[in-house]
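Q: Sharing a structure below in structure tokens format, with a few things to ask.
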Amino acid sequence: MKPIIYAFIFARKNSKRLKNKNILKLKKKTLVEHSINLAKNLKDISKVYVSTNSNKIIKIAKKNEVGYIKRPSFLCSDRSKELLSWKHAIRFLIKKKEKFNIFLSLPTTSPLRSKQDIIKLIKAYKINKSDITITVTKTNRQPNFNMVKVNRLGKVSLVMNNKKLFLKNNIFDMTTVGYISNPSYILKTDNIFSGKVKSIEIPRIRALDIDDSYDLKIGRLLLNWNEK
């Protein structure tokens, strides 16, 4: 079957750490629109869908002439697993008799990603025959020494208290630049790492994941800097 790629943008309302995060603007475009515009500019993408529980975000999807999927509230809490929203979107389209065999998620929180990053991701997935291909960036932390946890009494201990020393050049941070998989794998798995997982590397400057107001400020600064 010829590769048919559908792009999905999962954007709920009432984000906890940064209020109305998905409709905040960077360079006059909402975070949702950054993902929509990128998807629409990729010739390999057949259709674009926004999955949301927000009427405001549905209006943005309609304005930008892409499809939308109404996501139930139980899949829109801070504790809801993203994978369950992926499954819901796929099942919704299967019921509508939509036919696609490649699922591409473009989270709203990575507005600094480039078109070439996603082209590279799609190409890698087609070549490596993985169940899912994710995006990663080189870490700037040494996990054995720089990551600690604090208990209720204020006692500090290492998160990774392993005898084996992990070297930085072998450790990467996952990013939200993009995820690509096939619908059948997503529907059958309870953990995206249960199958064959591959990755592509994204430069750190384009791998920002906007989660709070500090990240948003960094994103705005980097967008302005990139235009100079």
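The numbers here are math on the coordinates, done by the rules we state, and not lab data. Note that this is a predicted model, so its numbers are computed, not measured. For neighbour counting, all protein chains shown are included, and Cβ atoms are generated from backbone atoms with ideal geometry for every residue, glycine included.
Q: Neighbour counts of other C-beta atoms within 10 Å: give me 8, 92 arranged from fewest to most.
A: 92, 8
Q: Among 222, 66, 136, which residue has its Cα positioned farthest towards the positive end of the charge dipole of the chain, with +1 placed on the Cβ of Lys and Arg, -1 on the Cβ of Asp and Glu, and the dipole taken about the Cα centre?
A: Going by the charge dipole, the pick is 66.
Q: Provide the percentage of antiparallel DSSP beta bridges, counting only those with both residues in the chain; round to the nearest 5.
A: Details: 14 of 33 bridges.
Of all bridge pairs located within the chain, approximately 40 percent are antiparallel.
Q: Using the basic label-point model (7 angstrom from Cα toward the beta carbon), what is the residue 116 to residue 98 distance in nanometres?
A: Reported label-point gap for residue 116 and residue 98 is 3.1 nm.
Q: Follow-up question, since we're still on this one. Only four residue types carry charge here, +1 at the Cβ of Lys and Arg and -1 at the Cβ of Asp and Glu. Report the dipole size of the chain about the Cα centre in Debye, rounded to the nearest 20.
A: Taking the Cα centre of the chain as origin, the dipole is about 400 debye.
Q: Could you please state, rounded to a whole Å, how far the C-alpha centre of the stretch 176-228 is from the C-alpha centre of the stretch 44-100?
A: Computed from Cα coordinates, the inter-centre distance equals 18 Å.
Q: A follow-up question, please. Per DSSP H run of n ≥ 4, the term is -39500 (n - 2.57); total these for the chain, divide by its residue number, and report the mean residue ellipticity at 222 nm rounded to 500 deg cm²/dmol.
A: -9000 deg cm²/dmol
Q: A further question on this structure: So which aspartates and glutamates pass the test for residue 40, namely a Cα distance under 15 Å, with those fewer than 8 places away in the same chain ruled out?
A: 65, 117
Q: Next question. Kirkwood Rh, Cα Rg: Rg to Rh for the chain? Intermediate values should be presented prior to the final figure.
A: Details: Rg = 18.3 Å, Rh = 18.8 Å.
Using only Cα positions, Rg/Rh for the chain is 0.97.
Q: Right, next: Exceeding 19 Å between C-alpha atoms, which entries from my cross-link table qualify? They are 70/96; 43/87; 19/47; 43/115; 2/43.
A: 43/87; 19/47
Q: Per-residue HN-Hα couplings for the stretch 194-201, Karplus 6.51 cos²θ - 1.76 cosθ + 1.60 at θ = phi - 60°, whole Hz, x for Gly and Pro?
A: For the stretch 194-201, the Karplus curve yields 7, x, 8, 10, 10, 8, 10, 9 Hz.
Q: Which FRET efficiency value, to the nearest 0.05, is calculated for residue 149 and residue 217 with the Förster distance at 25 angstrom and r the Cβ-Cβ distance?
A: Calculated transfer efficiency: 0.40.
Q: Please compute the modelled spin-label separation between residue 58 and residue 83, points set 7 Å along Cα→Cβ, answer in nm with one decimal.
A: So the label points at residue 83 and residue 58 sit 2.9 nm apart.
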